[in-house]
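Scroll down for the structure; my scribbles are underneath it.
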Amino acid sequence: MSDLAQLETELMGEIAQAANEEALEALRVKALGKKGSISGLLATLGSLAPEDRKSFGATINAVKDRVTEALGTRRITLKDAALDARLAAERADVTLPVREGGLEAGRIHPISQVMDELTAIFADLGFAVAEGPDIESDDYNFTKLNFPLGHPAREMHDTFFFAADQKGERKLLRTHTSPVQVRTMLREKPPIRVICPGRTYRCDSDQTHTPMFHQVEGLVIDREANLGQLKWVLEEFCKAFFEVPHVKMRFRPSFFPFTEPSMEVDIQCSRKGGEIRFGEGEDWLEILGCGMVHPNVLKNCGLDPDAVQGYAWGMGIDRIAMLKYGMPDLRPFFEADIRWLKHYGFRPLDLPSLAAGLSA
Ligand code: 2NL
């Protein structure tokens, strides 16, 4: 009997000391498993005298019940402790800033950002976006736009020409995005309202010119399109693009073969301490050219100048991007330097929209 009491004391002590669930399971097997100490005692009952069997059996079973209960209690304690330890080790600090995922790690190039901004602004004014090929015919790039053959304006564009094909036709890299508008006029019936952003090419390279650059042009063809509408559209554009409530504009007479009359447009700005601000101050900055579409261009593109009129404008995207985002040098735009892009680039999920703010 005292052996049994000692066995119980030992087992209880070991159960209380068990460091983890594995150790506890080993103890259970040692006591209650097939070859366990308590199971062994129960197996000896058969050899006892019937009068001893009943009381000794009851005693062993009572020990077995207490040991079983102690195992269960200890198991719960160990489980709780293990969970507490895990919770403490794996605590999440919900106040930490959200880590940048792969999708947000890249940056949107300022040119793409400005194209998206232009698209958002002009979409709001009812304009569609049109695109066309970078490799164009002489006809679409020059002739249809009222550049007569042998006219000096053709030479002014410093065109990249391809070698002549079998028919003697020389393709070229478009020198402006106007051929996209030509294609639109040939394809669609008025009213037409499009903007044409894209890559353009001229054989020109210095501090402020790269052989490939970007333009956006706009075109409206309608029965009564007029200069008043052009001025309003450009003013709305400038306010939205430079994100200012007012901006003064100045229209100066100019010349383009494809518009008559033609104008260059300056916007009001201030220059203080090397910083340009728009919509304030006494200075002027040239930002675009525009005019009424020349009747010859309408005719060349299958439209009747007595039935419809058009206004158009064009500007350099690289230049307005530099102005808006304070980038002093054009050359890094096309050098693919990741450090420059990290500095001047835009977050990929911050899509420009008029509602959320263009560059917020
Ligand atoms: C500039 C000036 C301009 C146009 C582009 C245009 C296109 C067609 C017909 C008439 Cl199809 N005009 N585009 C008109 C005036 C000015 O660009 O300085 N761009 C950088």
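The values are calculated or read from the model by the stated rules, or taken from the named source; none is laboratory data. Model, not experiment: these values are computed from the prediction. Cβ sites come from the backbone with ideal geometry, for glycine too, and all protein chains shown count toward neighbours. SASA here: full protein model, heavy atoms, side chains in, ligands and nucleic acids out. Shrake-Rupley method; radii C 1.70, N 1.55, O 1.52, S 1.80 Å.
Results, tabulated for the structure shown:
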item	result
Spherically averaged projected area in nm², based on the convex hull that wraps the Cα atoms of the chain	35.1 nm²
Antiparallel DSSP beta bridges within the chain, percent to nearest 5	95 percent
Å² per residue, accessible surface of the range 41-138 at 1.4 Å	65 Å²
Rounded Å value of the spacing that divides the Cα centres of the range 86-129 and the range 268-302	31 Å
Surface per residue (accessible, 1.4 Å probe) for the range 150-298, Å²	52 Å²
Approximate spin-label separation K54-R252, in nm, with each point projected 7 Å along Cα-to-Cβ	12.4 nm
Largest-first principal axis extents of the Cα set of the range 206-305 (Å)	51, 35, 22
Cβ charges +1 (Lys, Arg) and -1 (Asp, Glu), total dipole of the chain, debye	620 debye
Most fluctuating residue given options V216, V98, V308, as computed from a GNM of the chain linking Cα atoms under 10 Å	V98
Accessible-area composition of the chain, carbon plus sulfur, in percent [1.4 Å probe]	55 percent
Residue order for F255, F334 - accessible surface, 1.4 angstrom probe, largest first	F255, F334
FRET E, pair D306, A105, Förster distance 51 Å, beta-carbon r, rounded to 0.05	0.35
Most fluctuating residue given options I121, I108, I15, as computed from a GNM of the chain linking Cα atoms under 10 Å	I15
Mean residue ellipticity (222 nm) of the chain, computed from DSSP H runs ≥ 4 via -39,500 (n - 2.57), nearest 500	-13000 deg cm²/dmol
Solvent-accessible ranking of K171, K79, K272, K239, largest area first, probe 1.4 Å	K272, K79, K171, K239
Listed residue (C203, V220, S254) projecting farthest to the positive dipole end of the range 202-255, Cβ model	S254
